[in-house]
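Scroll down for the structure; my scribbles are underneath it.
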Amino acid sequence: MIAATILSAGASSRMGFPKALLTFHDGTFLQSILDAAAAAGIHRRIVVVGRDADKILAKHDLREVTVVATEDFDAGPIGSVRAAIREVESHPIDGLLVWPVDMPHVTVATVQALEDGFRESGAAIAVPEFAGKGGHPVIFGRAVFDELLQAPAGEGARAVVRADPSRVLRVSVPDAAVVQDLNTPKEYQTLQRREDERVRW
């Protein structure tokens, strides 16, 4: 079984607004990712929240997902990954799909390709790749959970991915979204324009 964790605890300082609450299609970034994960067959979903927890919880119906609060803000994203691992490590979970909340435009097909590759290969880590560049979301197998819990804050999960390339499956996908995180209002506006054009066509 694969669980998905959506990292929603960041400060969104460059965006100036909680990314989880930004609008995407008919919902928010967070809701779009939760829906995409479910559509890909991942029903064990975890949302890690931080400073903006109250705003996020007020905006979403999260009764069907697990909400984990973290105060490990200074560690960056790895703090949220650690919180999610502690939540699932006693459950029969084979892998954890780590999905940053600022990537709502990653397609369901991409997630399914990652899942298939992870299951079929037996790799410890599955990374999506577009045009030769690795991106997100990433699936981390149980074999590397302990390493993620011990990963240095400065490097975070990257240190675990880079530690042994032979155990990393790189899944080539035709989805540029895997390398397009959204940190600024300008990047968000670009996404909105691109999505509007896609809908019109």
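The values are calculated or read from the model by the stated rules, or taken from the named source; none is laboratory data. What you see is a predicted model, and the numbers here were worked out from it, not measured in a lab. Every residue, glycine as well, gets a Cβ built from its backbone with ideal geometry; the counts of neighbours run over all protein chains shown. The accessibility values were calculated without ligands, DNA or RNA, using every heavy atom of the protein model including side chains. Shrake-Rupley method; radii C 1.70, N 1.55, O 1.52, S 1.80 Å.
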- Message: Is the C-alpha gyration tensor of the range 21-66 telling us rounded, prolate or oblate? Criteria: a/c under 1.5 is rounded; beyond that, a/b larger than b/c is prolate, otherwise oblate.
- Response: oblate
- Note on the structure: Taking the range 49-201, the equivalent ellipsoid from its C-alpha gyration tensor has semi-axes in Å, biggest first, of 25, 22, 15
- Note on the structure: From DSSP H assignment alone, runs of 4+ in the chain each adding -39500 (n - 2.57), the sum over residues rounded to the nearest 500 puts [θ] at 222 nm at -11000 deg cm²/dmol
- Message: With a 1.4 Å probe and all protein chains kept in place, how much accessible area does S90 have, in Å² rounded to the nearest 10?
- Response: 100
- Note: probe point = Cα of S166 + 7 Å toward Cβ; backbone nitrogen < 18 Å; residues of the range 135-152 passing the test are 143-144
- Query: Can you list the trypsin sites (Lys or Arg not before Pro) in the range 42-84 that are in a DSSP coil and have 11 or fewer other beta carbons within 10 angstrom?
  - Reply: R63
- Pop the C-beta distance of D116 and D54 into the FRET formula with R0 = 35 Å and round what comes out to the nearest 0.05. 0.40
- Query: Once a ≥ b ≥ c are taken as the square roots of the eigenvalues of the Cα gyration tensor of the range 1-115, is the result rounded (a/c under 1.5), prolate (a/b larger than b/c) or oblate (a/b not larger than b/c)?
  - Reply: oblate
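Starting from the Cα-Cα distance between V108 and R86, subtract it from 0.36 nm times their residue separation and give me the gain in nm to one decimal. Mind showing how you got there, number by number?
Numbers: separation 22, 0.36 × 22 = 7.92 nm, distance 2.62 nm.
Extra length from V108 to R86 when fully extended: 5.3 nm.
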- Item | Rounded accessible area of R142 (nearest 10 Å², 1.4 Å probe) | 100
- Query: Taking the Cα centre of each part, how many Å lie between the range 55-119 and the range 2-16?
  - Reply: 9
- Query: How high is the FRET efficiency between A176 and E155 when r is their beta carbon distance and R₀ equals 30 Å, given to the nearest 0.05?
  - Reply: 0.75
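For the range 79-201, what % of the accessible area comes from carbon and sulfur atoms, probe 1.4 Å? Write out the running numbers ahead of the final one.
Numbers: 3080 of 6160 Å².
Heavy-atom surface of the range 79-201 belonging to carbon and sulfur, 1.4 Å probe: 50 percent.
Using a 1.4 angstrom probe, figure out how much accessible area the range 103-151 has per residue, in square angstrom, rounded to the nearest whole.
Value returned for the range 103-151: 41 Å² of accessible area per residue.
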- Task: Enumerate the amide H contacts of R44 below 5 Å, restricted to partners 5 or more residues apart or on another chain; note that Pro and chain-start residues carry no placed amide H.
- Result: A4
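Taking a 1.4 Å probe, which of T70, T190 shows the most accessible area, and what order do the others take after it? Don't skip to the answer; put the middle values down first.
Numbers: T70 15, T190 50 Å².
My answer, sorted largest first, is T190, T70.
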